[in-house]
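To keep things clear, I will list the structure first and then write my remarks on it.
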Amino acid sequence: MHSPGATGGGRSARPRGFTLLEVLVAVGLMGIVSLLMYESIALTFKTREQIARIEELNHSARVALRKIMTDVSMAYLSNHVNRDEPSSATLFMGSDDSLLFSYLGHERRRRGARESDQGIVEYQIGRDAFGRTIERREKSIPDMDPGRGGSRETLVSRVKEFRLQYWDDKQEEWKSDWKVDMRDAVKEGKAGELGKYSAALTPVGSTLYKTSQDKALEQYRLPERVYVRLVLEDSDGLTYAFETQARVHMRSPLNF
């Protein structure tokens with residue numbers, strides 16, 4: 001007979017653990033989940049970096065285009081010159097990838113500086129460690145040599161394309177260049193006082209005199225609008241295009 005406290009078969013019960021196969025399967029599943037989580041986090045950071053680069057390029061392009069638009073809108077030519085002893089030149093020399101012009105947007109940054117709102121600005125292609133750039137040169141005191149001197153700054157880097165066009169409202173077409181130089185008007189005797197175009201019947205200061213002079217200066221005018229196309233390239237080789245147009249407010253030479 002068996003005693004009441006004895007177990008059947010005479011064997012005691014033992015708790016079971018995980019087998020080696022089960023442990024390997026669990027570790028494998030954990031590794032797969034960790035890998036998926038890592039790839040997801042890495043993709044998130046990569047997307048975030050890409051968006052940040054696009055935003056930076058977009059900001060750089062907008063700042064550059066806004067500066068170009070502001071400067072071009074204040075371009076001007078002046079007929080206030082001394083034909084015998086000219087001291088400064090006003091001009092607008094534009095090509096398909098560069099622009100040199102006189103403008104009324106200079107800001108005096110040094111107290112006591114003998115400067116006004118008149119200046120010379122030039123935009124052209126340059127280079128840095130990342131490739132092509134757009135350089136802005138400003139000359140705060142206009143003189144007879146606008147192509148030299150002044151201070152330079154890099155407006156934007158990683159430039160893939162920089163293109164300019166000029167709207168001719170008379171011919172109603174875009175042109176790839178626009179060149180007007182009041183030094184030529186001085187040589188032709190059309191700048192300053194009318195010179196060989198003046199007569200006793202058109203005394204200086206009269207309405208007829210001003211009308212005659214305005215007619216003589218018709219060829220010395222600025223384009224109605226300037227089209228700007230800027231294409232930037234990021235570190236991955238992707239390109240982003242930006243376009244705008246700047247309206248020129250003072251198209252005829254100042255003559256009052």
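Looking across the stretch 221-249 at every residue that is assigned to a strand (DSSP E or B) and of a type in the set (Val, Ile, Thr), the one that is farthest from ASN58 (Cα to Cα) is identified as VAL226.
Just one of the listed residues (GLY105, GLY147) is at pLDDT below 95, in contact with a helix residue (DSSP H, G or I) (Cβ under 7 Å, 6 or more places away or on another chain) and either part of a loop (DSSP other than H, G, I, E, B) or buried (at least 17 other Cβ atoms within 10 Å of the Cβ) (or both), and it is GLY105.
Inside the stretch 80-95, can you point out the residues that are in a loop (DSSP other than H, G, I, E, B) and touching a strand residue (DSSP E or B) at 6+ places or on another chain (Cβ under 6 Å)?
Going through the stretch 80-95, the residues in a loop (DSSP other than H, G, I, E, B) turn out to be 80-90, 95.
Once the filter is applied, which keeps residues that are in a loop (DSSP other than H, G, I, E, B) and touching a strand residue (DSSP E or B) at 6+ places or on another chain (Cβ under 6 Å), the stretch 80-95 yields only THR90.
Could you list, in sequence order, all residues of the stretch 86-96 that are surrounded by fewer than 20 Cβ atoms within 10 Å (Cβ to Cβ) and either at pLDDT 95 or above or under 17 Å from the mean Cα position of the chain (by Cα) (or both)? Once the filter is applied, which keeps residues that are surrounded by fewer than 20 Cβ atoms within 10 Å (Cβ to Cβ) and either at pLDDT 95 or above or under 17 Å from the mean Cα position of the chain (by Cα) (or both), the stretch 86-96 yields MET93, SER95, ASP96. Pairing each residue of the stretch 146-167 that is on the phi > 0 side of the Ramachandran plot with any residue that is part of a strand (DSSP E or B), provided the two are 6+ apart or on different chains, yields C-beta distances under 7 Å for GLY149/LYS139; GLY150/ILE120; GLY150/ARG137; GLY150/GLU138; GLY150/LYS139; ARG158/GLY131; ARG158/LEU232; ARG158/GLU233.
Name the single residue that is farthest from GLN165 (Cα to Cα) among those in the stretch 102-134 being of a type outside the set (A, V, I, L, M) and in contact (Cβ under 8 Å) with a residue 40 or more places away in the chain. Quick ask: steps written out before the conclusion?
Applying the first criterion (of a type outside the set (A, V, I, L, M)) to the stretch 102-134 yields 102-103, 105-112, 114-119, 122-124, 126-128, 130-133.
Of the ones still in play, those that are also in contact (Cβ under 8 Å) with a residue 40 or more places away in the chain are 102, 123, 131.
Working: SER102: 18, TYR123: 14, GLY131: 23 Å.
Here the answer is GLY131.
Within the stretch 69-80, identify whether any single residue is surrounded by fewer than 18 Cβ atoms within 10 Å (Cβ to Cβ) and of a type in the set (D, E, K, R), and answer yes or no.
Within the stretch 69-80, the first condition is being surrounded by fewer than 18 Cβ atoms within 10 Å (Cβ to Cβ), and the residues that meet it are 69-70, 73, 80.
If we keep only those that are of a type in the set (D, E, K, R) too, we end up with none.
There is no residue in the stretch 69-80 that is surrounded by fewer than 18 Cβ atoms within 10 Å (Cβ to Cβ) and of a type in the set (D, E, K, R).
Exactly one residue out of LEU99, LEU164 is touching a helix residue (DSSP H, G or I) at 6+ places or on another chain (Cβ under 8 Å) and modelled with pLDDT of 95 or more, and it is LEU99. Only one of the numbered conditions (1) more than 20 Å from ALA89 (Cα to Cα); (2) surrounded by 13 or more Cβ atoms within 10 Å (Cβ to Cβ) is not met by GLU138, and that is (1).
Considering only residues that are among the small types (Gly, Ala, Ser) and within 22 Å of ASP117 (Cβ to Cβ), which ones fall in the stretch 133-191?
The first filter runs over the stretch 133-191 and keeps only residues among the small types (Gly, Ala, Ser), leaving 140, 147, 149-151, 157, 176, 185, 189, 191.
Of everything in the stretch 133-191, those that are among the small types (Gly, Ala, Ser) and within 22 Å of ASP117 (Cβ to Cβ) turn out to be SER140, GLY147, GLY149, GLY150, SER151, ALA191.
Residues that are part of a loop (DSSP other than H, G, I, E, B) and of a type outside the set (S, T, N, Q) within the stretch 108-138 comprise ARG108, ARG109, ARG110, ARG111, GLY112, ALA113, ARG114, GLU115, ASP117, ALA129, PHE130, listed in sequence order. For the stretch 184-211, the set of residues classified as in contact with a Phe, Trp or Tyr (Cβ under 9 Å, 6 or more places away or on another chain), at pLDDT 70 or above and either farther than 30 Å from ARG247 by Cβ or buried (at least 17 other Cβ atoms within 10 Å of the Cβ) (or both) consists of ALA185, GLY189, LYS190, ALA191, listed by residue number.
The values are calculated or read from the model by the stated rules, or taken from the named source; none is laboratory data. On a predicted model such as this, the values are computed, not experimentally measured, just so you know. Virtual Cβ from ideal backbone geometry, glycine too; neighbours counted across all protein chains shown.
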